[in-house]
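Reading through the structure tokens given below for one structure.
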Amino acid sequence: MKRLLSALMVLCVLAGCASASAIATPRAIPVLSPEEIPDTPHGIHNYLLLCVDSWAGNPDNLGNTDGMILVTADEDMGKISLTSFIRDLLVKNPEKSGFNRLSRYVINNGGNKAAVEKLVGIYESHFGLHIDHYIVVDWTMIQNIIDAAGGVDITITDGEATRLRSKTAYTASWTEPVLPSKNGGGTYHFKGHAAVIFMRIRSSTVVNGEANDFRRTSRARQVLSSLASSLRDITYDRALELLDAVVENTLVTDMSAADLFEALQIAYDLKGAPIDEMRIPIQGTFEEIDYGGSAQQIDYPKNREALHAFLYGTFIVRDDGEPELGETAPEDGELPEDAQAESLHDLYEVPEDGSAFAGFLSAFNAFALRAAQTDYSEADGLTPEFSALMEQYRLFLAEYDQFTRELETSKTPLLMMSRQKEMDERYALAGQAMDRLDQMDLCPADEAFYLETLESILDNAAAVPAYGED
């Protein structure tokens, strides 16, 4: 009997191992040819920032591109958009059959500049946009650039503070003020090294409705957004010094000196501009599979449409201040004399601080504009613009919930109370925007997804640990 039981146990173990190592067969990925990729709207520039998973990167032997953010500068609308990409997105190999994980493509294809340029092509064909230029850095270079900018203010949770304190390399000089031994949630001024460690935290703890790599990408956006906000009053001479720091801390790029100066001028002209944020994949469009390791299989058509709506969505504002949804500018790009293109930030007077609220309003406008031009009530499935809207709504409510938690335990109550009125006003405006959905004809799938999103919001709020837990 014992031998029989032992044999059964061995079979179970072997079966379990076989199951765990089985590689799934991914679905086909519909990509766009160069001719199918639409032209970039006037005044918009796309820059791809890639960070290799190393403190000492080698331009001829690059590692995994674990950090990937698309920075979109919109000169016409006067805004900046940050789009982060989950590192384990499954992508189609451009020159051979099969698939690859997005972060592994460069290291699996030579680890050099040629591989980076092919990765840029993957972004373009999978997401249907043109990337103007790219820059590749490593962790040390990010640290140096942040230090050159004077550091960055970051708001962290108790759990994140505990993880930072637990690092063997931790020193009291990482932040101002010094992180306390416990209950360290709050806003601190981070030096470059500490900011990099913060961005690299990987935890299953749910923060703002996100965990693991999803939360990791939001930390990267948070640092970039806060860094940009700190440079609102930068002088041109100081901006040139910061450009020198970027040039000195770049592994690989396709940017010439002229390209770098053009990017500097664009960034300088947009200093103080609102910053919108988005994550790819959007909620409800991905599933985790085993493809030689964990990989995210996503619905590319829905993510393409949502990304385009996020980056390029605009509307016309009449001189009475009311948006005329459904109207578009003439094909020659000239607006009527009685109308002007505005951003939602101008329409709703949104504070220009790069909050999730700004992203929500942009997503809402993109959906409302499309809804005025499309009969969504006849749609067979979930419309990507609505999915993007719900994702941004969820992120804003998570930010608002996080703020209320921080308000209760803040070590700077006067500062937090000064933000309370602003946050409450945003909450009310978000409610007004969502109320307008009642006036639209939504398809059954969109209505069902709205209810699912509300349930997810409630579940995530319940899953957020009390301060001090991680």
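The values are calculated or read from the model by the stated rules, or taken from the named source; none is laboratory data. Worth saying up front: this structure is predicted, and the values here are computed from it rather than measured. Don't worry about glycine lacking a Cβ; one is built from the backbone with ideal geometry, like all the others, and counts go over all protein chains shown.
May I ask you to list the residues in segment 293-316 that are outside any helix (DSSP H, G or I), of a type outside the set (Val, Ile, Thr) and surrounded by 15 or more Cβ atoms within 10 Å (Cβ to Cβ)? Walk me through it before giving the result.
Applying the first criterion (outside any helix (DSSP H, G or I)) to segment 293-316 yields 293-299, 313-316.
Narrowing the set further to residues that are of a type outside the set (Val, Ile, Thr) leaves 293-297, 299, 313, 315.
295, 296, 297, 299, 313, 315, listed by residue number.
Identify all residues within segment 260-285 that are closer than 17 Å to residue 70 by Cβ and in a helix (DSSP H, G or I); write none if there are none.
Residues satisfying the conditions are 263, 266, 267.
If a residue must be crowded, with 22+ Cβ neighbours inside 10 Å and assigned to a strand (DSSP E or B), how many such residues does segment 103-138 contain?
Counting residues in segment 103-138 that are crowded, with 22+ Cβ neighbours inside 10 Å and assigned to a strand (DSSP E or B) gives 3.
Hey, could you check segment 270-292 for residues that are touching a helix residue (DSSP H, G or I) at 6+ places or on another chain (Cβ under 9 Å) and charged (D, E, K, R) and say which is surrounded by the most Cβ atoms within 10 Å (Cβ to Cβ)?
If we take residues in segment 270-292 being touching a helix residue (DSSP H, G or I) at 6+ places or on another chain (Cβ under 9 Å) and charged (D, E, K, R), then 276 is surrounded by the most Cβ atoms within 10 Å (Cβ to Cβ).
Per-residue answers, yes or no, for (1) under 21 Å from residue 355 (Cα atoms); (2) free of Cβ contacts under 8 Å to residues at least 12 places away in the same chain; (3) of a type in the set (A, V, I, L, M, F, W, C); (4) crowded, with 19+ Cβ neighbours inside 10 Å:
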{"position": "61", "(1), (2), (3), (4)": "no, no, no, no"}
{"position": "79", "(1), (2), (3), (4)": "yes, no, no, yes"}
{"position": "83", "(1), (2), (3), (4)": "yes, no, no, yes"}
{"position": "101", "(1), (2), (3), (4)": "no, no, no, yes"}
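Please count how many residues of segment 67-77 are in contact with a helix residue (DSSP H, G or I) (Cβ under 9 Å, 6 or more places away or on another chain) and surrounded by fewer than 22 Cβ atoms within 10 Å (Cβ to Cβ).
4
Tell me, please, whether a residue that is in contact with a Ser or Thr (Cβ under 7 Å, 6 or more places away or on another chain) and either at pLDDT below 90 or acidic (Asp, Glu) (or both) can be found in segment 8-16.
Within segment 8-16, not a single residue is in contact with a Ser or Thr (Cβ under 7 Å, 6 or more places away or on another chain) and either at pLDDT below 90 or acidic (Asp, Glu) (or both).
Within segment 61-82, is there a residue that is part of a helix (DSSP H, G or I), in contact with a strand residue (DSSP E or B) (Cβ under 6 Å, 6 or more places away or on another chain) and not acidic (Asp, Glu)? Outline the logic, then answer.
Filtering segment 61-82 for residues part of a helix (DSSP H, G or I) gives none.
No, that holds for no residue.
Please identify the pairs in which a residue from segment 206-230 that is at pLDDT 70 or above has its Cβ atom under 8 Å from the Cβ atom of a residue that is among the aromatic types (Phe, Trp, Tyr) and assigned to a helix (DSSP H, G or I), counting only partners at least 6 apart or on another chain.
Correct list of pairs: 219/198; 223/198.
Regarding segment 139-149, can at least one residue be identified that is outside any helix (DSSP H, G or I) and surrounded by fewer than 21 Cβ atoms within 10 Å (Cβ to Cβ)?
Kept after step one, since they are outside any helix (DSSP H, G or I), are these residues of segment 139-149: 149.
Add one more test, that the residue is surrounded by fewer than 21 Cβ atoms within 10 Å (Cβ to Cβ), and what stays is 149.
So far as segment 139-149 goes, yes, one or more of its residues are outside any helix (DSSP H, G or I) and surrounded by fewer than 21 Cβ atoms within 10 Å (Cβ to Cβ).
State all residues of segment 419-443 that are touching a residue at least 40 places away in the same chain (Cβ under 8 Å), assigned to a helix (DSSP H, G or I) and within 18 Å of residue 363 (Cβ to Cβ); if no residue qualifies, say none.
So in segment 419-443, the residues touching a residue at least 40 places away in the same chain (Cβ under 8 Å) come out as 422, 426, 429-430, 433-434, 436, 440-443.
Applying the additional criterion that residues be assigned to a helix (DSSP H, G or I) yields 422, 426, 429-430, 433-434, 436.
Within segment 419-443, 426, 429, 430, 433, 434, 436 qualify.
So how many residues does segment 138-168 have that are more than 28 Å from residue 234 (Cα to Cα), among the small types (Gly, Ala, Ser) and touching a residue at least 24 places away in the same chain (Cβ under 8 Å)? Even if it seems obvious, please write down each step before you answer.
So in segment 138-168, the residues more than 28 Å from residue 234 (Cα to Cα) come out as 157-168.
Narrowing further to those that are among the small types (Gly, Ala, Ser): 159, 161, 166.
Restricting the remaining residues to those that are touching a residue at least 24 places away in the same chain (Cβ under 8 Å) gives 159, 161.
Looking only at that region, the number is 2.
Out of the residues in segment 337-390 that are closer than 30 Å to residue 231 by Cβ and acidic (Asp, Glu), state the one that is modelled with the lowest pLDDT.
342
Just checking, how many residues over segment 230-245 are part of a helix (DSSP H, G or I) and either of a type in the set (D, E, K, R) or closer than 20 Å to residue 63 by Cα (or both)?
Quick first cut of segment 230-245, residues part of a helix (DSSP H, G or I) only: 230, 236-245.
If we keep only those that are either of a type in the set (D, E, K, R) or closer than 20 Å to residue 63 by Cα (or both) too, we end up with 237-238, 241, 244.
Total satisfying the criteria: 4.
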